[in-house]
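No lab work stands behind these numbers, since they all come straight from the coordinates. The structure displayed is predicted, hence computed values, not measured ones. Cβ sites come from the backbone with ideal geometry, for glycine too, and all protein chains shown count toward neighbours.
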Amino acid sequence: MKRVKLDDVDCMILACLQEDPSASQLEIAKKVGISQPAVGMRIKKMVKMGILEKRMGIPAHRFNLRLAMIGVKTREPNALIEKFRNCPRLVFMSKAMGAHQLILHFVGAYDRVLQNLIEERLSSDDNVLDFDVSLADTPDCIIFIPIKIPFEKKRVAPCGAECSRCRKYVNGRCLGCPATELRREVQPSEADVITVLMA
């Protein structure tokens with residue numbers, strides 16, 4: 001892997017974009033003290049180097065979301081990575097060393113959403129030997145969570161689950177995967193749009 005070198009100006013540009021991803025090059029140029037074309041060239045260079053990417057996310061610190069960090073002891077980490085790669089609730093996953101071979105972070109509007117996911121998709125997997133779960137509230141710092149909103153809903157969830165065969169879905173205890181055709185409508189009542197998406 002090629003070593004990347006950034007100078008102080010690059011770091012200031014990154015700091016500006018981190019603070020306000022929609023900041024214009026002109027606004028950044030004024031803060032940093034260089035010309036707008038120079039900012040544009042540096043941003044283009046950092047994109048080409050793979051340091052910067054444009055991603056969409058929600059400001060998790062503004063909503064009452066629940067987060068689950070799950071450490072998984074597994075025979076085959078790669079199989080679980082493939083299983084959850086396109087899960088709309090997955091925020092982050094990584095192989096790990098120590099007591100767990102895999103760390104998964106999921107987001108949901110309610111504890112029950114995360115509980116259903118853990119019980120139906122993780123506990124029942126023969127590849128999972130053991131796991132530990134930690135639940136957390138909305139982050140206390142500014143953080144943007146990527147959300148995978150499916151463009152096209154399918155019959156089967158990205159993890160391979162079929163909601164129509166899930167006892168919790170059949171019994172009305174689960175709304176279904178947001179990426180499937182069987183997803184039940186959420187009554188927005190007083191809920192914000194993010195809570196509706198992540199329910």
Subject >> Computed over the chain: relative contact order in percent, which uses C-alpha pairs under 8 Å that are six or more apart >> reply: 22 percent
Original post:
So which GluC sites (Glu not before Pro) in the stretch 6-96 end up in coil per DSSP with only 14 or fewer other C-beta atoms within 10 Å?
Top reply: Glu53
Subject >> MRE, 222 nm, helices only [DSSP H, n ≥ 4, -39500 (n - 2.57), over the chain, to nearest 500] >> reply: -8000 deg cm²/dmol
**OP:** Rounded, prolate or oblate: pick one for the stretch 8-48, where a ≥ b ≥ c are the square roots of the eigenvalues of its C-alpha gyration tensor, a/c under 1.5 means rounded, and failing that, prolate if a/b is larger than b/c, else oblate.
**Re:** rounded
Original post:
Placing +1 at every Lys and Arg Cβ and -1 at every Asp and Glu Cβ, with all other atoms neutral, what dipole size does the chain have around its Cα centre, in debye to the nearest 20?
Top reply: 680 debye
